[in-house]
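J.: First, the structure itself, so that you have it in front of you.
The values are calculated or read from the model by the stated rules, or taken from the named source; none is laboratory data. All of these numbers come straight from a predicted model, not from anything done at the bench. Counting neighbours? That spans all protein chains shown, and the Cβs are built from the backbone with ideal geometry, glycine included.
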Amino acid sequence: MDKSEITTICQKAADIIKKGGLVAFPTETVYGLGGNAFNAVAVANIFKVKGRPSFDPLIVHIYEYSQLNLLVEEVPELALKLVKFFWPGPLTIVLPKKSGVPDIVTAGLSSVGIRMPRHPVALELLRWCDTPLAAPSANLFGRVSPTTAEHVREQLGESVDMIIDGGKCNVGIESTVISFTEEHPLLLRPGGTPIEEIEKVIGKVKIPSPTEHISSSPGRQLKHYAPLTPLLIDPLPEEITKYKRKGLLCFTKEPEKVVQEFAAVEILSPRGDLGEAAANLFAALRRLDNANLEVIVAKRVPNFGLGIAINDRLFRASNARL
Ligand code: TXA
Ligand code: MG
């Protein structure tokens with residue numbers, strides 16, 4: 001899309017949003033399903049279309065710093081330092097909310113998650129809407145997040161008013177979520193901004209284990225990001241002998257002897273790059289899920305940088321049957 005096409009499409013989409021409609025749009029992480037954050041009926045529709053339980057809060061998207069005033073009373077110094085460094089980009093901050101933010105957006109919590117995306121189409125859309133957009137990932141609840149417009153069409157198709165096709169998302173994994181509602185910054189979700197980079201800017205962040213229950217973050221379900229096919233992480237050879245049609249999801253090239261055992265193989269990054277692997281993860285999971293397999297065998301990726309977020313998604317996908 002050239003610049004004038006982007007403008008035309010975003011103007012049309014903004015009209016839909018202003019009338020209370022829903023628009024799926026590209027961000028650099030995954031596609032979002034957006035509605036006016038200050039229109040409680042539109043937001044209720046987002047929950048309905050996704051089949052999302054009402055206890056799971058939505059992220060509110062903005063395009064410029066002045067919009068923060070609509071959502072929060074103040075931004076703590078540390079949080080401001082962090083967003084000045086990483087926005088626009090794959091980072092969400094959670095702060096105490098202003099009373100005017102509808103409770104349905106935050107699932108009744110007294111805090112709100114805010115992010116300024118980097119994708120030019122998302123920013124242009126937000127500019128034309130001139131209201132913050134509540135937007136979760138544009139997938140059915142608990143399923144794999146969409147990284148192309150086609151993924152959105154497959155799952156949400158007719159139930160949204162418009163889908164903007166902005167090509168493939170180049171980060172491919174959701175934003176990192178950091179809460180500033182307690183004394184120390186807390187990591188609620190590893191994501192597209194590596195935690196090591198964040199700590200370089202604001203110092204130590206509290207990192208809970210993936211299974212730890214955090215009452216202020218109801219969205220951390222173990223069962224999440226899941227294909228319908230059962231997924232096992234690094235299983236022992238004897239654990240998978242009973243399966244005939246197996247799929248393999250691996251980071252880089254595996255020896256031919258290993259690959260031969262599988263009916264379908266997805267290599268996330270032949271050159272061993274975690275950024276490339278993150279960008280390919282959800283599409284690869286979907287392809288395996290559509291390959292009529294009995295089981296998906298996933299290999300853990302190196303656990304640093306974006307690898308932490310990839311392993312987190314694999315872990316949650318593996319818990320789908322719990
Ligand atoms: O990259 C992304 O963040 C994408 C794109 C579309 O921006 N959005 C996304 O939204 O992943 P969603 O709804 O799929 O995930 C939002 C998660 C919630 O499940 C929850 O864990 C956390 O963000 N969250 C949002 N608001 C929160 C709040 N007030 N307190 C705690 N956690 C919150
Ligand atoms: Mg999601």
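J.: Within the range 222-253, how many residues are modelled with pLDDT of 90 or more and either under 18 Å from Asn303 (Cα atoms) or of a type in the set (Phe, Trp, Tyr) (or both)?
T.: 10
J.: If you don't mind, there's one more thing I want to ask. For the range 239-297, enumerate the residues that are under 20 Å from Ile310 (Cβ atoms) and assigned to a strand (DSSP E or B).
T.: Matches in the range 239-297: Gly247, Leu248, Leu249, Cys250, Ala264, Val265, Glu266, Ile267, Val295, Ile296, Val297.
Listed here are the residues, each with its yes/no results for (1) within 16 Å of ligand 2 (Cβ to nearest atom); (2) touching a residue at least 40 places away in the same chain (Cβ under 8 Å).
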position	(1), (2)
Pro146	yes, yes
Glu150	no, no
Gln155	yes, no
Ile163	no, yes
Gly166	no, yes
Val171	yes, yes
Ser175	yes, yes
His184	no, no
Pro194	no, yes
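J.: Moving on. Leu91 passes all but one of (1) in contact with a Lys or Arg (Cβ under 7 Å, 6 or more places away or on another chain); (2) surrounded by fewer than 21 Cβ atoms within 10 Å (Cβ to Cβ); which number fails?
T.: Condition not satisfied by Leu91: (2).
J.: Next question. Within the range 139-164, restricting attention to residues that are farther than 20 Å from Ile17 by Cβ and assigned to a loop (DSSP other than H, G, I, E, B), which residue is nearest to ligand 1 (Cβ to nearest atom)?
T.: Among those residues, the one meeting the criterion is Ser145.
J.: Within the range 4-25, restricting attention to residues that are under 17 Å from Ser159 (Cα atoms) and either of a type outside the set (Gly, Ala, Ser) or under 16 Å from the mean Cα position of the chain (by Cα) (or both), which residue is nearest to ligand 2 (Cβ to nearest atom)?
T.: Ala24
J.: Assess whether Pro117 counts as being part of a loop (DSSP other than H, G, I, E, B), within 16 Å of ligand 2 (Cβ to nearest atom) and buried (at least 19 other Cβ atoms within 10 Å of the Cβ).
T.: Yes, satisfied.
Results for (1) surrounded by fewer than 22 Cβ atoms within 10 Å (Cβ to Cβ); (2) assigned to a helix (DSSP H, G or I); (3) without any contact (Cβ under 8 Å) to a residue 12 or more places away in the chain, shown as yes or no for each residue.
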{"position": "Ile46", "(1), (2), (3)": "no, yes, no"}
{"position": "Tyr63", "(1), (2), (3)": "yes, no, no"}
{"position": "Gln67", "(1), (2), (3)": "yes, yes, no"}
{"position": "Leu78", "(1), (2), (3)": "yes, yes, no"}
{"position": "Leu82", "(1), (2), (3)": "no, yes, no"}
{"position": "Lys98", "(1), (2), (3)": "yes, no, no"}
